[in-house]
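The values are calculated or read from the model by the stated rules, or taken from the named source; none is laboratory data. In this text the structure is predicted, and so the values were computed from the model without any measurement. Don't worry about glycine lacking a Cβ; one is built from the backbone with ideal geometry, like all the others, and counts go over all protein chains shown.
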Amino acid sequence: MRTGDALIVGLLTMVTACSHSASSSGELATSSTSPGQSVDGAVVRRADFEVRYKLDGITEASSGVRLGWNRQLEVNLSVETGSKVVENEQVGVEVVPRSVTIALEAEGGSIGPARLAQLQTMKGPIVAPVTGVLTTDGDTPVIESAGIDVVSELSAIQDLRYQSLTFTGRAVVETVLGPREVECAALWLSAQDAPPSGDDPPVPAASSAVSPTVHCRLPFFVETVAGLRAQLTLDSVKIDDVIVVPVLYIGYDAELDGYYVRVIDGEGALMPIPVTVGVTDGVVRVITSELPVGAALVLPEGG
């Protein structure tokens with residue numbers, strides 16, 4: 001699955017952030033505190049970071065499982081299409097496309113390299129989550145295998161963060177014996193096309209997605225049917241013991257095209273420190289560069 005020019009542009013403008021806990025709404029709090037002051041005694045700290053989404057969904061009949069969960073990565077298959085694959089068989093690898101690598105390496109400042117480093121952590125082998133016949137849908141590999149999916153809609157900010165982390169899922173569905181919670185056999189995204197509206201011209205392909213949907217393929221042994229309400233929980237892989245800073249305290253320096261925080265040093269002086277950032281939940285951001293843990297934070301210039 002190759003990333004188009006529009007996605008490369010999106011990569012170069014994406015603000016990658018960092019956090020310690022989940023935020024399903026993605027809304028950032030605003031503050032009336034003046035620059036140069038701290039809010040609630042905020043300090044640089046170390047914490048485990050993970051994101052959790054709890055979503056409402058519905059069960060749907062499905063004919064296949066899509067492979068390749070991140071739109072900025074490229075799938076290189078090691079198995080010929082048309083072949084039968086079995087569950088847990090490696091069928092290829094996900095890599096960062098060369099065009100994306102070149103574009104991000106050419107970026108000035110710290111943002112491009114930080115995003116590239118993040119993408120590099122998400123590449124790796126692709127293992128068949130189900131048994132079936134390997135085919136393609138456009139550039140996307142698909143394993144043809146009938147089953148039931150729990151399908152939930154993601155907001156734009158949830159979609160953005162889904163592309164920044166690796167998630168696992170579990171669903172609560174109604175079965176012949178009552179409600180049951182099961183692990184998802186596979187997770188993947190699909191986009192809903194915007195419906196035609198009267199005589200209006202067609203929506204350009206680059207902007208035709210109304211909202212992405214996440215699919216959770218239920219294990220084959222779950223006895224349920226399509227058309228039932230369900231709940232889906234998505235959990236990101238936990239990142240242990242990382243530096244985190246509330247998003248309100250991270251400023252952007254346009255001249256350097258990078259981020260910074262302001263801290264009070266041991267002698268009480270205000271000190272700006274350039275930082276590189278990682279993933280976010282909308283509340284805090286992971287900082288991948290060094291910061292003095294425990295230092296008091298001050299809001300960036302401009303608040």
field: Some residue of region 41-60 being of a type outside the set (D, E, K, R), modelled with pLDDT under 90 and not assigned by TED's automatic domain parsing to the domain that holds Leu228
entry: yes
task: Scan region 236-262 for residues that are touching a Lys or Arg at 6+ places or on another chain (Cβ under 7 Å) and among the aliphatic types (A, V, I, L, M) and jot them down.
output: Val242, Ile243, Val244, Val245, Val247, Ile250
query: Of all residues in region 77-101, how many are among the aliphatic types (A, V, I, L, M), part of a loop (DSSP other than H, G, I, E, B) and over 30 Å from Asp257 (Cα atoms)?
result: 2
Criterion violated by Gly302 - all others in (1) surrounded by 19 or more Cβ atoms within 10 Å (Cβ to Cβ); (2) of a type outside the set (Asp, Glu); (3) over 18 Å from Pro113 (Cα atoms); (4) touching a Gly at 6+ places or on another chain (Cβ under 9 Å) satisfied: (1)
message: From the list Leu134, Leu104, exactly one residue is of a type in the set (A, V, I, L, M), in contact (Cβ under 8 Å) with a residue 12 or more places away in the chain and in a helix (DSSP H, G or I). Which is it?
response: Leu104
query: Within the bounds of region 172-183, is there any residue that is out of contact with any His (no Cβ under 9 Å at 6 or more places or on another chain), polar (S, T, N, Q) and at pLDDT below 85?
result: no
When residues of region 210-234 are limited to those that are under 16 Å from the mean Cα position of the chain (by Cα) and free of Cβ contacts under 8 Å to residues at least 60 places away in the same chain, the one surrounded by the fewest Cβ atoms within 10 Å (Cβ to Cβ): Ser211
query: Can you tell me which of Ala226, Ala230 is part of a strand (DSSP E or B), in contact with an Asp or Glu (Cβ under 8 Å, 6 or more places away or on another chain) and assigned by TED's automatic domain parsing to the domain that holds Gly57?
result: Ala230
message: Kindly evaluate Thr121 against the criterion of being of a type in the set (Ser, Thr, Tyr), on the phi < 0 side of the Ramachandran plot and without any contact (Cβ under 8 Å) to a residue 40 or more places away in the chain.
response: yes
message: of a type in the set (Lys, Arg) and surrounded by 19 or more Cβ atoms within 10 Å (Cβ to Cβ): is that true of Arg98 in this structure?
response: no
message: Going through Val279, Val261, Val286 one at a time, which residue ends up being under 27 Å from Leu165 (Cβ atoms), at pLDDT below 95 and buried (at least 18 other Cβ atoms within 10 Å of the Cβ)?
response: Val279
